[in-house]
Amino acid sequence: MKLYSELAEYYFDIEKNARKFEMETQFIDRLFRKHRVRNILDLGCGTGEHVTHFQSLGYKSRGVDSSIKMIEVAKKRYSHCKFEVGAMQSYKSQEKWDAIISLFGSFNYLLSNEEVEAALKNLELNLKPAGIAVLEVWNAEPLRKIKRKAIGPVAQIKAKNTTIQRNRGFRLVRADQSTVVEVNYIYNLNAKEIKDKHLMRAYFLVELQRMLAKHRMEILHVYSNYNELKFKSNASRMILVLKKKSN
């Protein structure tokens, strides 16, 4: 996927217009202070913006991403922080964490039940007893209703001396026991055009509840967004706050 390789140096600039970084980090900080979290593992950390932000707030933080290029960019930008290359379905930390976050659809790249089960098993393994996890996951219901959206412009940003026009569309490619969408992008960087395709899995809440029931993970809250609005079935995403059971 070119967004995480060829376009890695522009990744955060491309995505930040679709994010509410301050709102989501304030939400996570409030939650973690409530649960006395001191160290955070970010799975799918991208180029490290959340890692360095939480470190600046006094947390010990580490970022893990499956993209070698994204980790290279993160290490170059934030040399005071710790980053590793790893996939959430196979990453096993040498230490246990008070909290783990996986934001902005990183979890949606797990396409098979086997990958999801492996990721949840490692989530449980890498957390301390009573540890907290925050997962941001696409909700399947609206995608199944819409089914397809033609490629069109969604953002234009300027990074350094490069103007980037982002165009996006998607189509539903699987709607049986799983919900999988093919998301297609066209990036125009000045006069250069880059096409990119991502296969991503969305979930129904009941689907995740069933998967989590196999692990020592309790669902504390499910929100539609980071302003703590209670989850509704027509929301585009769900924010799950999980807690590892002590025994």
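Numbers for the structure displayed
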{"quantity": "Every residue from the stretch 66-95 that is open to solvent by 80 Å² or more (accessible area, probe 1.4 Å), over 29 Å from Asn139 (Cα atoms) and either in contact (Cβ under 8 Å) with a residue 12 or more places away in the chain or not hydroxyl-bearing (Ser, Thr, Tyr) (or both)", "calculated": "Glu72, Lys75, Lys76, Arg77, His80, Lys82, Gln94"}
{"quantity": "Odd one out for Tyr226, checked against (1) crowded, with 19+ Cβ neighbours inside 10 Å; (2) touching a helix residue (DSSP H, G or I) at 6+ places or on another chain (Cβ under 7 Å); (3) assigned to a strand (DSSP E or B)", "calculated": "(3)"}
{"quantity": "Conditions (1) within 16 Å of the chain's Cα centre (by Cα); (2) surrounded by fewer than 21 Cβ atoms within 10 Å (Cβ to Cβ); (3) farther than 27 Å from Asn113 by Cβ; (4) at pLDDT 95 or above; number of the one not met by Gly48", "calculated": "(2)"}
{"quantity": "Matching residues in the stretch 201-219 - criterion: being in contact (Cβ under 8 Å) with a residue 40 or more places away in the chain and touching a Leu at 6+ places or on another chain (Cβ under 8 Å)", "calculated": "Arg201, Ala202, Leu208, Met211, Leu212, Lys214, His215, Met217"}
{"quantity": "Hits in the stretch 1-30 - residues which are open to solvent by 20 Å² or more (accessible area, probe 1.4 Å), aliphatic (A, V, I, L, M) and under 15 Å from Leu103 (Cβ atoms)", "calculated": "Ala18, Met23"}
{"quantity": "Segments classed as strands (runs of 3 or more DSSP E), wholly inside the stretch 31-113, with at least 3 members that are over 23 Å from Asn227 (Cα atoms)", "calculated": "60-65, 82-85"}
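The values are calculated or read from the model by the stated rules, or taken from the named source; none is laboratory data. Everything quoted here is computed from the prediction, not taken from an experiment. All Cβ positions, glycine included, derive from the backbone under ideal geometry; neighbour counts span all protein chains shown. Keep in mind that these areas ignore ligands, DNA and RNA; they rest on the heavy atoms of the full protein, side chains included. Shrake-Rupley method; radii C 1.70, N 1.55, O 1.52, S 1.80 Å.
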